[in-house]
Amino acid sequence: MPGLRDRKEARPVRIRLKSFCHFDVAEAFGSDRLELSTDDATVRTLLEEVAQKGGGVIRAIDPQSGMLETEYFVLVNGREVQSLPHGLETQLKEGDEIGIGTNYFWGGG
């Protein structure tokens with residue numbers, strides 16, 4: 001029909017979430033598999049959702065600088081997010097595996 005645009009319907013992106021820290025990130029979501037809207041499927045929006053759903057226990061993004069907090073690391077398919085060309089703005093794709101962890105460990109020796 002004239003005047004109608006060819007629109008693609010947004011399909012969710014399914015990813016796997018792993019945690020390497022004191023807080024089980026997957027538990028906050030009820031599963032280690034997540035579905036994200038393709039419009040919001042970036043590392044940054046995932047980390048913002050983790051902060052919100054986790055009650056603020058994990059705040060991997062510094063609210064003042066907007067950068068990754070130094071105490072956290074984030075892996076996208078085994079690669080540190082800082083090493084990716086788009087960093088926190090990296091688009092997530094179907095089947096990606098995201099790991100979130102702390103750069104320090106507590107305990108005795």
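The values are calculated or read from the model by the stated rules, or taken from the named source; none is laboratory data. Predicted, not measured: the structure shown is a model, and the values here were computed from it. All Cβ positions, even for glycine, are placed from backbone atoms using ideal geometry, and neighbour counts span all protein chains on display.
Remark: pairs (first residue in the stretch 43-70, surrounded by 16 or more Cβ atoms within 10 Å (Cβ to Cβ); second residue of a type in the set (Lys, Arg); Cβ separation under 8 Å; 6+ apart in sequence or on different chains) = ALA51/ARG59; ILE61/ARG44; GLU69/ARG59.
The strands (runs of 3 or more DSSP E) found wholly in the stretch 2-90 and carrying at least 2 residues that are among the hydrophobic types (A, V, I, L, M, F, W, C), modelled with pLDDT under 90 and under 15 Å from GLY101 (Cβ atoms) occupy 13-20. Scanning the stretch 91-103 for residues that are in a loop (DSSP other than H, G, I, E, B) and closer than 18 Å to LEU34 by Cα returns LEU92, LYS93, GLU94, GLY95, ASP96. In the stretch 83-95 there is no residue matching the filter, namely being acidic (Asp, Glu), within 20 Å of PRO12 (Cβ to Cβ), surrounded by 15 or more Cβ atoms within 10 Å (Cβ to Cβ) and under 13 Å from the mean Cα position of the chain (by Cα).
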